[in-house]
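Remarks on the structure that follows.
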Amino acid sequence: MNNIKGYICSCCGKYHDKLPMSYGNQAPYHWYQISLEEKETRCEINSDICVIDDRYFFIRGCIEIPVAGMLEPFIWDVWVSLNESNIKKTIEVWDIKGREEKVKPMFGWLSTSIPCYPETLNLKTMVHMRRVGVRPFIELEPTEHPLSVEQRKGITMDRIKQIAEQFCSESRSF
Ligand SMILES: [Zn+2]
C-alpha cells in the first residue's frame, strides 16, 4: 500500500500519519455471502483468483484512477467475474512471460461493492492482463457512474482525503 503524508481527519479529529493511496479486500463480494462452513466445500481462493461452486470465476485487479499532480494513480483493488473460457485462458498463461500479449481484454462484472460511491456491484468492465507479477488493469465501461467518471477524468488529493475519512468510520477493508 502506498501512503502519502499525514492529515487531520474530519471524521475522528485525530491526526493520521498516512493517507492511503489504495484500498482493497481479500475476496469478491459473493464469497463474503457464503457461510464459513460452506466456504470450505464451495469455494477455492488464493490472492488472485476465486472459484465458487466450480462455476463462478473471479479475478483480482486494479481500478487505477489518475491523481492530479501525482505520478502514481490511486488504486481500488477489486474483484471482477470472468466466464469459464476466459478464466481458463488466464490460468494457462498465468506464469508465462509476455502473457499480456497472449490474452485479449476480457469482459467482467465488477464483483466488489466499493464504499464512497453509488453501488458498484455489476458495473461492466474490461480486464487487461499485464506482465507477470502485476495485477490486471480493470477498465470501467465509460458511463456516468461516478467511479467510471473518476477513472476517465482523474481525482484530486482532496478526494483521496475524503475517501480516507470515510474509511476511518468504516473498516479499512470492505
Ligand atoms: Zn480518522
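The values are calculated or read from the model by the stated rules, or taken from the named source; none is laboratory data. Bear in mind the structure is a predicted one, so any value in this text is a computation, not a measurement. Heads up, the Cβs are rebuilt from the backbone with ideal geometry, glycines too, and the neighbour counts pull from every protein chain shown.
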- Query: When you look at Ser22, is it closer than 19 Å to Lys161 by Cβ and either more than 16 Å from the ligand (Cβ to nearest atom) or at pLDDT below 95 (or both), yes or no?
  - Reply: yes
- Query: Going by the conditions given, is Tyr15 within 16 Å of the ligand (Cβ to nearest atom) and within 13 Å of the chain's Cα centre (by Cα)?
  - Reply: no
- Task: Would you tally the residues in the stretch 81-118 being farther than 16 Å from Arg135 by Cα, in contact with a strand residue (DSSP E or B) (Cβ under 8 Å, 6 or more places away or on another chain) and among the polar types (S, T, N, Q)?
- Result: 1
- Note on the structure: Taking the stretch 36-61 and keeping residues of a type outside the set (Val, Ile, Thr) and assigned to a strand (DSSP E or B) leaves Cys43, Glu44, Cys50, Tyr56, Phe57, Phe58, Arg60, Gly61
- Selected residue (criterion: surrounded by the fewest Cβ atoms within 10 Å (Cβ to Cβ)) from residues of the stretch 35-61 that are among the basic types (Lys, Arg) and over 11 Å from the mean Cα position of the chain (by Cα): Arg55
- Item | Enumerated strands (runs of 3 or more DSSP E) restricted to the stretch 62-174, each holding at least 3 residues that are surrounded by 16 or more Cβ atoms within 10 Å (Cβ to Cβ) and in contact with a Gly (Cβ under 9 Å, 6 or more places away or on another chain) | 74-82, 124-128
- Note on the structure: Across (1) closer than 23 Å to Val134 by Cα; (2) within 16 Å of the ligand (Cβ to nearest atom), Ile65 clears everything bar (2)
